[in-house]
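The values are calculated or read from the model by the stated rules, or taken from the named source; none is laboratory data. Not measured: the values here are computed from a predicted model. Cβ placement follows ideal geometry from the backbone for every residue including glycine, while neighbour counts extend to all protein chains displayed. What goes into the accessible areas is simple: the full protein's heavy atoms, side chains included, and nothing from ligands, DNA or RNA. Shrake-Rupley method; radii C 1.70, N 1.55, O 1.52, S 1.80 Å.
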Amino acid sequence: WTVTVLPPGARKSVVFAQVTRPVQEWERREAARMAPLIEEAASRHRVAEQALVALEKLAASTQAKGSDDCPDYEQRLEAARAELAAAVKARLYPPRLVVDDATPERVASMLSEQGGRLAILSPEGGVLSLIAGRYSDRVPNLDVYLKGHAGDAIRVDRVSRPPEYVASPSLVLGLAIQPGVLDSLQTTPEFRGRGLLGRILYSLPDHGLGHREIRP
């Protein structure tokens with residue numbers, strides 16, 4: 001994990017664009033190549049989901065009428081559940097290696113979707129305010145970042161979404177921030193208390209502002 005501290009006008013965005021361009025081009029190529037496969041897997045998931053719902057309704061209707069016309073509903077339901085589980089497991093997602101403005105919850109989901117590998121790269125420090133709880137009443141959510149750094153397993157169980165499990169995550173963090181953002185990190189006690197700040201390699205280079213080559 002690296003955080004580079006530079007003042008405004010130090011061309012952070014230009015450097016980030018150069019460094020991440022090959023990765024972004026790979027993402028675009030792979031997304032185009034995989035688009036038919038992704039849609040096929042999504043279609044299979046929708047069909048399996050709708051088939052199970054339809055079968056459940058039919059079984060409930062038959063049971064409500066006290067009919068034994070089709071006593072094999074339990075076996076058919078079991079097969080439909082297995083089909084849906086297989087379709088969920090086979091779901092494909094557009095390849096992503098780099099994210100920027102993502103909540104901790106979304107980072108956990110993307111780690112699950114992308115095989116446990118993800119990088120948060122940004123020429124700004126906005127992600128730090130997300131970690132600090134911008135959208136959660138200023139309650140920091142550090143678990144996914146600490147586990148992503150250490151490689152500890154991530155298990156997420158929520159009522160609103162399917163369970164997520166990442167056995168051995170690897171989360172890269174590379175930010176370029178302004179000095180004021182570095183100062184503000186100290187106002188979130190959890191960052192230091194839970195060891196987030198201690199995992200980062202900080203760099204405060206000479207920016208050369210005012211006497212550098214614009215197009216070396």
Mean residue ellipticity (222 nm) of the chain, computed from DSSP H runs ≥ 4 via -39,500 (n - 2.57), nearest 500: -16000 deg cm²/dmol
Under the definition of Cα pairs under 8 Å and six or more residues apart, what whole-number percent is the relative contact order of the range 77-191? 26
Most fluctuating of PRO205, PRO104, PRO140 in the GNM of the chain (C-alpha, under 10 Å) is PRO205
With the radius of gyration and the Kirkwood radius both derived from the Cα set of the range 147-216, what is their ratio Rg to Rh? 1.15
Projected area, mean over directions - the range 29-103, Cα convex hull, nm²: 7.2
Counting only protein heavy atoms, what percent of the accessible surface of the chain is carbon or sulfur at a 1.4 Å probe? 54
Treat every Asp and Glu Cβ in the range 83-202 as -1 and every Lys and Arg Cβ as +1, leave all other atoms uncharged, and give the resulting dipole magnitude about the Cα centre to the nearest 20 debye. 200
Two-decimal log10 I(q)/I(0) for the range 90-133, as the Debye equation yields it once each C-alpha is a single scatterer, q = 0.22, 0.24, 0.25, 0.26 Å⁻¹: -0.73, -0.84, -0.89, -0.94
Tail beyond 17 Å, pair distance distribution of the range 80-200 (Cα, percent): 60
Would you be so kind as to identify all helices of the chain, as entire DSSP H runs, whose Cα atoms reach 15 Å or more along the helix's own axis and whose mean Kyte-Doolittle hydropathy is at least 1.6? none
Taking a probe of 1.4 Å and leaving out DNA, RNA and ligands, the range 1-108 shows per residue an accessible area in Å² of 65
Once Rh for the chain is found with the Kirkwood sum over Cα pairs, what is the Stokes-Einstein diffusion coefficient at 25 °C and 0.890 mPa s, in µm²/s? 118
Choice from GLY195, GLY126, GLY148 with maximal GNM fluctuation in the chain (Cα, 10 Å cutoff): GLY195
Within a Cβ distance under 12 Å of HIS207, other residues only, what is the Lys/Arg minus Asp/Glu net charge? +2
Tell me the trypsin sites (Lys or Arg not before Pro) within the range 31-63 that lie in a loop according to DSSP and have at most 11 other beta-carbon atoms within 10 Å. none
Quick one: compute the contact order of the chain, relative version, from alpha carbon pairs under 8 angstrom and 6+ residues apart, as a percent. 31
